[in-house]
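Visitor: The structure that follows is given in the form of C-alpha cells.
The values are calculated or read from the model by the stated rules, or taken from the named source; none is laboratory data. Predicted, not measured: the structure shown is a model, and the values here were computed from it. Quick reminder, even Gly has a Cβ in these numbers, built from the backbone with ideal geometry, and neighbours come from all protein chains shown. Ligands, DNA and RNA are excluded from the accessible area calculation, which covers all protein heavy atoms including side chains. Shrake-Rupley method; radii C 1.70, N 1.55, O 1.52, S 1.80 Å.
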Amino acid sequence: MLHQGEILTLERHFHYHIQHAVPVEIYLGNVHVDIGILTAADESFAELQGTLYNRSRYTFISRPGY
C-alpha cells in the first residue's frame, strides 16, 4: 500500500487502489485535475468517474482517507 501523497507508478498500485477503493488525486504537471476513486486501469489508461486519463501524461497520487 502507498502512503498519503505517494505517486502511483506500478500496475499493482493502480489495482490496489481499485480493489480497496482508495482515492487518488490526478495532476497534469502541477495543475490539479480530479480526485476520486479509480474504477478501472490498464497499462495505458486509468478511469476515474467515467473519464479516461492517460497514465503517461497524468500523475496519480494516493489519497487514503480522503
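Visitor: Just by accessible area at a 1.4 angstrom probe, what is the order of L48, L10 from largest to smallest?
Guide: Descending order: L10, L48.
Visitor: Please quote Rg/Rh for the chain to two decimal places, taking the Kirkwood radius as Rh and restricting both calculations to Cα atoms.
Guide: 0.90
Visitor: Averaged per residue, what accessible area in Å² does the chain show with a 1.4 Å probe, protein chains only?
Guide: Working: 4010 Å² over 66 residues.
Value for the chain: 61 Å² per residue.
Visitor: While we're on this one: E43: net charge of surrounding residues, Cβ under 9 Å, Lys/Arg +1, Asp/Glu -1, itself excluded? All intermediate terms of the calculation are to be shown ahead of the outcome.
Guide: Details: positive: R55; negative: E11, D42.
Result for the neighbourhood of E43: -1.
Visitor: Carbon and sulfur together cover what percent of the accessible area of the chain at a 1.4 Å probe radius?
Guide: Here it works out to 52 percent.
Visitor: Just to make sure I understand: if all protein chains stay in place, what is the order of D42, D34 by accessible area at 1.4 Å, largest first?
Guide: Of D42, D34, the descending order of accessible area is D42, D34.
Visitor: Let me know the charge dipole size of the chain about its Cα centre in debye, to the nearest 20, where only the beta-carbon of Lys, Arg (+1) and Asp, Glu (-1) is charged. Before the final figure, lay out the partial values.
Guide: On the way: 4 positive and 7 negative charges, 18 e Å.
Computed about the Cα centre, the dipole is about 80 debye.
Visitor: How big is the accessible area of E47 in square angstrom, nearest 10, if you roll a 1.4 angstrom probe over the protein chains?
Guide: 60
Visitor: Per DSSP H run of at least 4 residues, take -39500 (n - 2.57); add these up for the chain, divide by its residues and hand me the 222 nm value, nearest 500 deg cm²/dmol.
Guide: After summing the helix terms and dividing by residue count, I get -4000 deg cm²/dmol.
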